[in-house]
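The values are calculated or read from the model by the stated rules, or taken from the named source; none is laboratory data. Quick caveat: nothing in here was measured; it's all calculated off a predicted structure. Ideal geometry is used to build each Cβ from the backbone, glycine not excepted, and the neighbour counts take in all protein chains shown.
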Amino acid sequence: MRSPQDQPIIFVIDDDPSIRSTLADLLQSVGLEARVFKSPQEFLKSTRPDVPGCLVLDVRLPGQSGLEFQRTLAGSDVNLPIVFITGHGDIPMSVRAMKAGAVEFLTKPFHDQELLDAVHAAIERDRERRADTRLVAELKARFVALTPRETDVLTEVVSGRLNKQIAADLALSEATVKLHRGQIMRKMRAASLPELVRMADRLGISRRKS
């Protein structure tokens, strides 16, 4: 059973009250919490808990369209995956939406299960993004615990340099390099060199050029 902090919320934005009600009933029928809004502006003014979720977004809305709102969100701190719904879609429109990161683009009328499948896929994508964000934050915390010399050695190690090469590059003894390597592995909680390399890649640590 998931904790309350992991219970997803689906945000529905559609200017048609009957559509909002129908979608909310459908989502709630399978145990999902749905919150409905008549416009992107109303959604942005709302309080959004820090839990997994997604947006079910109509393409045609008064004022800012769903596609325009997608671009707005791309430059904001709202990272919710989007499932588009529309009664007036075409292929170029769906291609634009998908290229910009939408999970699905459904044309009305669609089957209930199509929407539910898309929503579940979007929730899973959001869970993965959130887990990835937590992992990177944890790696950063481990990395800042390294000393400046350990950071230098780390850059050399993940660049594939041998201990004797690192020793020569940094004017250290091989024994000191081995000591630093052990400390780095311990502080980064890396079980192997390949794992340490993957961690460095996730942190964007530039490798030393040969």
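No other residue among Thr133, Thr176 is polar (S, T, N, Q) and within 26 Å of the chain's Cα centre (by Cα) apart from Thr133.
For Glu124, the requirement of being acidic (Asp, Glu), over 30 Å from Ile82 (Cβ atoms) and surrounded by 13 or more Cβ atoms within 10 Å (Cβ to Cβ) is not met. Among the residues of region 165-210, those identified as surrounded by 13 or more Cβ atoms within 10 Å (Cβ to Cβ) and either β-branched (Val, Ile, Thr) or outside any helix (DSSP H, G or I) (or both) are Ile166, Leu172, Thr176, Val177, Ile184, Ala190, Val197, Ile205, Arg207, Arg208. Annotation: of all residues in region 57-114 being among the aromatic types (Phe, Trp, Tyr) and in contact with a strand residue (DSSP E or B) (Cβ under 6 Å, 6 or more places away or on another chain), the one that is surrounded by the fewest Cβ atoms within 10 Å (Cβ to Cβ) is Phe105. Just a yes or no: is a residue in region 89-96 touching a Lys or Arg at 6+ places or on another chain (Cβ under 8 Å), more than 26 Å from Ala200 (Cβ to Cβ) and modelled with pLDDT under 95? No - not one qualifying residue is present in region 89-96.
The combined condition, being at pLDDT 90 or above and not in a loop (DSSP other than H, G, I, E, B), is fulfilled by Phe105. Could you please find all residues in region 12-23 being of a type in the set (A, V, I, L, M, F, W, C) and either surrounded by fewer than 15 Cβ atoms within 10 Å (Cβ to Cβ) or over 23 Å from the mean Cα position of the chain (by Cα) (or both)? Those that are of a type in the set (A, V, I, L, M, F, W, C) and either surrounded by fewer than 15 Cβ atoms within 10 Å (Cβ to Cβ) or over 23 Å from the mean Cα position of the chain (by Cα) (or both): Ile19, Leu23. Quick check: is even one residue across region 40-56 assigned to a helix (DSSP H, G or I) and acidic (Asp, Glu)? Yes, because at least one residue in region 40-56 is assigned to a helix (DSSP H, G or I) and acidic (Asp, Glu).
To keep it simple, each residue is scored yes or no on (1) in contact with a Phe, Trp or Tyr (Cβ under 6 Å, 6 or more places away or on another chain); (2) more than 27 Å from Asp201 (Cβ to Cβ); (3) touching a residue at least 12 places away in the same chain (Cβ under 8 Å).
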site	(1), (2), (3)
Leu67	no, yes, yes
Ile82	no, yes, yes
Gln113	no, yes, no
Leu116	no, yes, yes
Glu124	no, no, no
Arg130	no, no, yes
Thr133	no, no, no
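Would you be able to say whether some residue in region 120-132 is of a type in the set (Val, Ile, Thr), within 22 Å of Arg20 (Cα to Cα) and not in a helix (DSSP H, G or I)? No, region 120-132 has no match at all. Looking at the structure I just gave you, is Leu26 surrounded by 13 or more Cβ atoms within 10 Å (Cβ to Cβ) and under 23 Å from the mean Cα position of the chain (by Cα)? So Leu26 fails the test. Being part of a helix (DSSP H, G or I) and more than 30 Å from Arg198 (Cβ to Cβ) holds for only one residue in Leu61, Leu115, Leu139, and it is Leu115. Looking across region 59-99, the residues that are under 22 Å from the mean Cα position of the chain (by Cα) and among the charged types (D, E, K, R) come down to Glu68, Arg71, Asp77, Arg96, Lys99.
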